[in-house]
Amino acid sequence: MPIVVVVGGQWGDEGKGRIVDLLARKARVVARYSAGNNAGHTIVNDRGEFKLHVVPAGIFYPEKTCVIGNGVAVDPEVLLGEIESLESKGIDTSKLVLSDRANIIMPWHRELDRLDELARGDKAIGTTGKGVGPCFVDKVARRGIRVADLLRMEDLRPRIESTLAYQNKVITAVYGGEPINLEGCCQAYFEFGKRLAPYIGDVSTIIFEANRRGEHVLLEGAQGSLLDLDHGTYPYVTSSVPSSSSSGAGLGVGVGPTDISRVVGVFKSYCTRVGNGPFPTELFDDVANQLRDHGKEYGRGEYGTTTGRPRRIGWLDAVAARYSVRFNGLSALALTRLDVLDSLASIKICTGYELDGKIIDTVPSRESVLERVVPIYEELPGWRTDTTEVRNFDDLPPQAQAFIRRVEELLECPVDLISVGPSREQAVIVNPIF
Ligand code: IMP
Ligand code: MG
């Protein structure tokens with residue numbers, strides 16, 4: 001039975017939350033498989049507008065099981081805050097399950113994130129500062145603290161003790177920072193553990209059994225594939241595996257690749273990026289400002305959900321997008337924010353890069369090379385028509401249809417879903433995904 005993965009195809013903020021919110025209707029289980037509270041989803045539905053950082057976007061359907069997978073770096077304070085805020089708005093969180101194997105973001109991770117960015121100076125990554133990168137470093141170095149450890153002081157204290165002894169040396173000797181207090185840390189995280197206890201469970205089994213019963217499972221990615229630790233614009237990437245490749249998705253919840261039946265890539269009709277790093281199609285003109293501030297008065301402009309930073313804006317980059325389609329093994333595309341292009345007279349798509357007089361159609365691995373490529377554009381006529389009320393593909397203006405068809409051709413992947421506004425019903429379903 002279908003396990004469907006939804007991944008961001010670009011540099012994050014493609015509108016995955018909104019697509020998951022739509023697809024979750026048919027799913028029994030909705031699971032987050034990677035990243036941490038560096039991610040942010042904005043969801044608008046009949047209950048209001050919500051900004052989620054850790055809790056899966058399926059939470060608004062009370063009958064669904066919502067899962068935070070082992071691949072997620074969890075800041076317990078942030079998660080508890082999110083649960084409280086949802087409950088205070090009448091959203092039931094009792095069917096939320098947190099993997100006992102997920103790694104915990106500890107105070108030294110946030111401190112190391114800050115200190116490391118400072119130390120990098122003008123080569124800073126532009127992280128969200130939530131401690132996610134350093135948490136994954138501890139995980140890989142096999143000294144991380146995991147959710148299950150929070151439940152018993154006998155397990156928690158020795159783990160914190162040994163990792164903190166090491167990290168306090170790093171904080172003070174390498175960065176000249178202030179050491180973190182052991183006792184305060186043990187007490188605070190044990191308390192978090194007590195409050196999280198009702199949510200903790202075995203995620204892999206939940207998903208395996210739902211799949212065996214023939215129920216739909218939706219695996220919800222965070223961030224974008226071009227921020228992938230392996231395939232993204234290294235070193236300007238995040239420290240987890242947002243893509244579905246290398247089984248990022250399966251790995252992050254504990255199911256095998258053969259159980260995954262479809263991977264849907266979410267792409268904006270243009271591109272955005274927050275943080276530093278190469279961005280070949282970046283725009284610095286009025287079009288950028290216009291796209292960034294489209295719908296700003298309704299809180300819909302291109303400003304980070306997590307950090308509030310203005311997002312960098314550019315034209316759709318079909319070279320990077322095609323790469324993303326390939327390494328994610330995408331079966332379909334969801335194209336979001338088509339309506340943001342409504343007022344433009346013409347629209348560009350980057351179809352190749354010029355590098356030292358040659359044309360290339362792949363993404364170079366070195367960021368210093370990617371910084372130098374000059375995008376080659378194809379220009380398509382705009383439609384200058386409001387699309388926010390359109391619900392059928394055939395009712396879209398012909399120029400918008402042509403734009404979508406061209407995207408399919410260039411990315412070599414069908415567009416199954418198009419969004420034309422932030423609310424649940426503002427979507428054109430070309431091909432049902434479940
Ligand atoms: P980190 O994940 O906080 O370490 O940040 C690493 C890079 O990923 C930075 O460029 C961030 O701006 C970017 N990033 C992390 N999470 C998101 C997200 O959810 N949306 C967009 N960019 C993100
Ligand atoms: Mg986001």
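The values are calculated or read from the model by the stated rules, or taken from the named source; none is laboratory data. These numbers were taken from a predicted model, which means no experiment stands behind them. Cβ sites come from the backbone with ideal geometry, for glycine too, and all protein chains shown count toward neighbours.
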Checklist outcome for this item: With criteria (1) over 15 Å from the mean Cα position of the chain (by Cα); (2) modelled with pLDDT of 90 or more; (3) in a helix (DSSP H, G or I), Tyr234 comes up short on (3)
Next on the checklist: Take Asp339 and tell me if it is over 18 Å from the mean Cα position of the chain (by Cα) and crowded, with 16+ Cβ neighbours inside 10 Å.
Outcome noted: yes
Item to check | Hits in segment 1-24 (condition: under 9 Å from the mean Cα position of the chain (by Cα) and more than 11 Å from ligand 2 (Cβ to nearest atom)) | outcome: Val7
Checklist outcome for this item: If you go through Asp100, Asp113, Asp75, the only one that is at pLDDT 95 or above, closer than 20 Å to Ser239 by Cα, touching a helix residue (DSSP H, G or I) at 6+ places or on another chain (Cβ under 6 Å) and of a type in the set (Asp, Glu) is Asp113
Item to check | Complete set of residues in segment 249-264 that are in a helix (DSSP H, G or I) and either farther than 19 Å from Ala102 by Cβ or of a type in the set (Gly, Ala, Ser) (or both) | outcome: Ala249, Gly250, Gly252, Pro257, Thr258, Asp259
Next on the checklist: Take residues that are of a type in the set (S, T, N, Q) and tell me which of the helices (runs of 4 or more DSSP H) falling wholly in segment 126-229 contain 2 or more.
Outcome noted: 153-169, 203-212
Item to check | Residue that is surrounded by the most Cβ atoms within 10 Å (Cβ to Cβ) [pool: residues in segment 252-267 that are modelled with pLDDT under 90 and farther than 14 Å from Ala222 by Cα] | outcome: Val255
Checklist entry - Would segment 282-297 turn up any residue that is surrounded by 20 or more Cβ atoms within 10 Å (Cβ to Cβ), modelled with pLDDT under 95 and either in contact with an Asp or Glu (Cβ under 7 Å, 6 or more places away or on another chain) or farther than 21 Å from Leu410 by Cα (or both)? => result no
Item to check | Qualifying residues in segment 25-47 (those that are in contact with a His (Cβ under 9 Å, 6 or more places away or on another chain) and away from ligand 2 (no atom under 13 Å from the Cβ)) - the one modelled with the lowest pLDDT | outcome: Lys26
Item to check | Single residue of segment 111-128 satisfying the filter (in contact with a Pro (Cβ under 9 Å, 6 or more places away or on another chain) and surrounded by 18 or more Cβ atoms within 10 Å (Cβ to Cβ)) that is farthest from Asn37 (Cα to Cα) | outcome: Asp116
Next on the checklist: Would you confirm whether or not segment 281-301 contains a residue that is under 22 Å from Arg366 (Cβ atoms) and under 17 Å from the mean Cα position of the chain (by Cα)?
Outcome noted: no
